[in-house]
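Since the structure comes first, as structure tokens, the remarks are kept for the end.
The values are calculated or read from the model by the stated rules, or taken from the named source; none is laboratory data. Quick caveat, the model's predicted, so the values are computed rather than measured. Note that we place each Cβ from the backbone using ideal geometry, even for glycine, and neighbour counts take in every protein chain shown.
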Amino acid sequence: MTRDVYEYAVIRVVPKVERGELINAGVLLYCQPRDYLCARVGLDPVRLRALDPHADVDAVCRALEAYELACGERSGPLAGEPLGGRFRWLTAPRSTIVQTGPVHAGLTTDPDTELARLFDKLVRV
């Protein structure tokens, strides 16, 4: 089986940027040889409220869902952009509540399975 290079970044929620505390809330995975870009998100509202009792959980969930939508976007600001360009845009540094961590690389025979594995390892409690 051929293993292909992929890149991924953890999507994290930093409710109070000045404190630097964060919750892993998703994974974004890009595999150029497979023409694959996908995000998987899941927020634990209890953990978010532990860091910020006044956090707007619905707004954070909408921001997380935007990552999933941007991966398959057919309309909107990323429509028509190559998947690699979308990945770079989505992983660009931000000083917002929802942001990505550094980009890492690996090898995979199946990007879907790898995304599920990373999500289970890095996001699920």
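Rundown of residues vs (1) more than 17 Å from K121 (Cβ to Cβ); (2) in a loop (DSSP other than H, G, I, E, B), yes/no style:
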residue	(1), (2)
V10	no, no
L48	yes, no
H54	yes, yes
T96	yes, yes
Q99	yes, no
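Filtering segment 89-113 down to residues that are within 22 Å of R19 (Cα to Cα) and not β-branched (V, I, T), which residue is surrounded by the most Cβ atoms within 10 Å (Cβ to Cβ)? Going through the qualifying residues, I end up with Q99.
Is it fair to say L69 is touching a residue at least 12 places away in the same chain (Cβ under 8 Å), out of contact with any Gly (no Cβ under 6 Å at 6 or more places or on another chain) and within 21 Å of Q32 (Cα to Cα)? Break it down stepwise before answering.
Numbers: touching a residue at least 12 places away in the same chain (Cβ under 8 Å): no; out of contact with any Gly (no Cβ under 6 Å at 6 or more places or on another chain): yes; within 21 Å of Q32 (Cα to Cα): yes.
Against the criterion (touching a residue at least 12 places away in the same chain (Cβ under 8 Å), out of contact with any Gly (no Cβ under 6 Å at 6 or more places or on another chain) and within 21 Å of Q32 (Cα to Cα)), L69 does not qualify.
Keeping to segment 69-88, report how many residues are hydrophobic (A, V, I, L, M, F, W, C), outside any loop (DSSP other than H, G, I, E, B) and out of contact with any Cys (no Cβ under 7 Å at 6 or more places or on another chain).
4
In the set A39, A50, which member is surrounded by 14 or more Cβ atoms within 10 Å (Cβ to Cβ) and under 24 Å from V17 (Cβ atoms)?
On the way: A50 fails: surrounded by 14 or more Cβ atoms within 10 Å (Cβ to Cβ).
The match here is A39.
In the condition set (1) assigned to a helix (DSSP H, G or I); (2) within 17 Å of the chain's Cα centre (by Cα); (3) free of Cβ contacts under 8 Å to residues at least 12 places away in the same chain; (4) surrounded by 13 or more Cβ atoms within 10 Å (Cβ to Cβ), R62 is compliant with all but (4). Across segment 1-43, the number of residues qualifying as of a type outside the set (S, T, Y) and farther than 18 Å from G101 by Cα comes to 8. I'm trying to understand the selection: among the residues of segment 6-30, which are of a type in the set (A, V, I, L, M, F, W, C) and at pLDDT below 95? Once the filter is applied, which keeps residues that are of a type in the set (A, V, I, L, M, F, W, C) and at pLDDT below 95, segment 6-30 yields only V17. Selection of first residues in segment 108-125 that are modelled with pLDDT of 95 or more and of second residues that are acidic (D, E), restricted to Cβ pairs under 9 Å at least 6 apart or on distinct chains, gives the following pairs, ordered by first then second residue: T108/D4; T108/E114; T109/D4; P111/D4; V123/D44.
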